[in-house]
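Taking it in order: structure first as structure tokens, then the write-up.
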Amino acid sequence: MKDNKLIREPIKEYKLPLIERLAYWRPVFKWFFWLGLTATIVGPTIYLNYDNLWYYISLLPLLIFFFLSIKSFIQFVCYTIKYKSIIDEEAENDSAYENYMGPPGSGKSFCAKEISYAKSKYSWEELQFEYWLIASKLKDPNYKPTEEEQEIIESYEFNSNSPYIPCLATTIPCYSKLYRRKSHELEIDHLKQEKRLPYRICMFADEIGTFCNFSIQNGVLSNKSNSTDMDDFARFIRHMLEGRLIGTEQDANNIAIFMRRIASDNKRFDRKQWVLKPKFLFWLYMKLKRRFIRRMKMKDARLFAKPMALLKRYIFSCGFFKFTYKSCGNLVTQSKTETIVVQMQKEKSTCFYFPRASELVYDTRAFRKAYKPLDKPIELNGFTAMKLTRPQAQKFLKSSNLIKSNKASRRKNDEETSEVMAF
């Protein structure tokens, strides 16, 4: 066999779009700008007017902006170091399964896709190296690979030939700007072991409780999703595939008990913050946006729509996301109940830092078509008065139907009593 058939060229990698790279490195450019401006103005001014106090006072605004740029630069370096350490630590982490939980908008899906992506890149790197170690043996037509080597060969060939992100399967579409490819689709049949996955696959299952579609009836797990095979897959995912799985869920009760028990950690996300936010640019953007909204003219749209879209893209790519979470350890159920007991660790909240200009993107409204009346016309009425009518107010009362049913049953009893007396 020819060498080019055995070892394929590495998957081509691309840089982030220029506007996002400029946004990411903004604190560095800002520091260099104010450093150069300060050195250009302060030095000659002090040299020529060193005995005039008013010149020193006039330089105060410039010095304030210079020190603010130093602060932003130091923060950028700290966040970058933290981000790199998080990515390296999580990518090389041997834990096979984790759950990320939290309310909508807390950042669990963003963190899960970032960590899954980091794991997939590390797995792809390891897979290529493992294949390279045995590639020379494959030149011999009489050589018979072992079972482990055959698994490596099949996975390498699959990922090399696939037009999608290597070693990454997700339940919602994700796009890598590094590879300019989308992720593989993770199906429920993969978790039920009805379809095969490649060796060293990394999986991201958003809303895993709904995806797995299990339920508890009378304290017994129903078999809607072939839960026995899913239980085996969750427990032995590392042994079977050297795979990794990260699931997200808003309510921990929706995650199957066998998944909660074997998860290396269940992280509870609380909030999301935007750090290193370009406050002046954001203020300028909001002022311009409101001005265009007040005017609402087509002429403005033709002239300024594209520049405003670029400005928005630049601003919202600046800085970092700070996600705060607490480690919950394992989530178990109380005996004879279905209520989850969260065994929270006593340490303080931990933070993830990820740049807003991310390599991997996904639609934050990926489930928008799950809205049942999406194809129907919009029906939304307005209030005509500042007080609710009696029927409107009674809609909020839990006892309304109960009162009606009691009256009806009382009326029925009275009628039966009158009939008996008449008889």
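The values are calculated or read from the model by the stated rules, or taken from the named source; none is laboratory data. Remember, predicted model here, so these are calculated numbers, not experimental data. Here Cβ is always computed from backbone atoms with ideal geometry, including for glycine, and neighbour counts include all displayed protein chains.
Per-structure values
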read-out: Any hit, the stretch 249-262, residues being surrounded by fewer than 14 Cβ atoms within 10 Å (Cβ to Cβ) and over 30 Å from Glu148 (Cα atoms); value: yes
read-out: Candidate set from the stretch 261-274 (those that are of a type outside the set (Phe, Trp, Tyr) and in contact with a helix residue (DSSP H, G or I) (Cβ under 7 Å, 6 or more places away or on another chain)); member that is farthest from Phe233 (Cα to Cα); value: Asn266
read-out: Residues (surrounded by fewer than 21 Cβ atoms within 10 Å (Cβ to Cβ) and under 15 Å from Pro166 (Cα atoms)) located in the stretch 96-127; value: Tyr122, Glu125, Glu126
read-out: Exclusive hit being of a type in the set (D, E, K, R) and at pLDDT 85 or above, set Lys387, Lys404; value: Lys387
read-out: Hits in the stretch 310-356 - residues which are at pLDDT below 90 and either among the acidic types (Asp, Glu) or within 21 Å of Asp88 (Cβ to Cβ) (or both); value: Ser327, Glu338, Glu347, Thr350
read-out: Condition broken by Glu249, with the remaining ones in (1) in contact with a Ser or Thr (Cβ under 9 Å, 6 or more places away or on another chain); (2) at positive phi satisfied; value: (2)
read-out: Residue satisfying all of: in the stretch 18-43; of a type in the set (A, V, I, L, M) and either at pLDDT 95 or above or closer than 15 Å to Leu276 by Cβ (or both); surrounded by the most Cβ atoms within 10 Å (Cβ to Cβ) among these; value: Ala23
read-out: Within the stretch 131-187, considering residues that are within 34 Å of the chain's Cα centre (by Cα) and among the small types (Gly, Ala, Ser), the one nearest to Pro10 (Cα to Cα); value: Ser160
read-out: Residue match in the stretch 278-296 (condition: touching a residue at least 40 places away in the same chain (Cβ under 8 Å), more than 21 Å from Gly329 (Cα to Cα), in contact with a Lys or Arg (Cβ under 9 Å, 6 or more places away or on another chain) and outside any helix (DSSP H, G or I)); value: yes
read-out: Which listed residue is at pLDDT below 95, touching a helix residue (DSSP H, G or I) at 6+ places or on another chain (Cβ under 8 Å) and among the hydroxyl-bearing types (Ser, Thr, Tyr), from Tyr100, Tyr122; value: Tyr100
read-out: Condition met for Lys113 (under 30 Å from Gly329 (Cβ atoms) and not assigned by TED's automatic domain parsing to the domain that holds Ile257); value: no
read-out: Residues of the stretch 115-129 that turn out to be over 30 Å from Cys351 (Cα atoms) and either in contact (Cβ under 8 Å) with a residue 24 or more places away in the chain or not in a helix (DSSP H, G or I) (or both), as a count; value: 2
read-out: Within the stretch 357-380, considering residues that are over 27 Å from the mean Cα position of the chain (by Cα) and either of a type in the set (Asp, Glu) or modelled with pLDDT under 90 (or both), the one farthest from Lys182 (Cα to Cα); value: Glu379
read-out: Single condition Trp274 does not satisfy, out of (1) among the hydrophobic types (A, V, I, L, M, F, W, C); (2) crowded, with 17+ Cβ neighbours inside 10 Å; (3) within 16 Å of the chain's Cα centre (by Cα); value: (2)
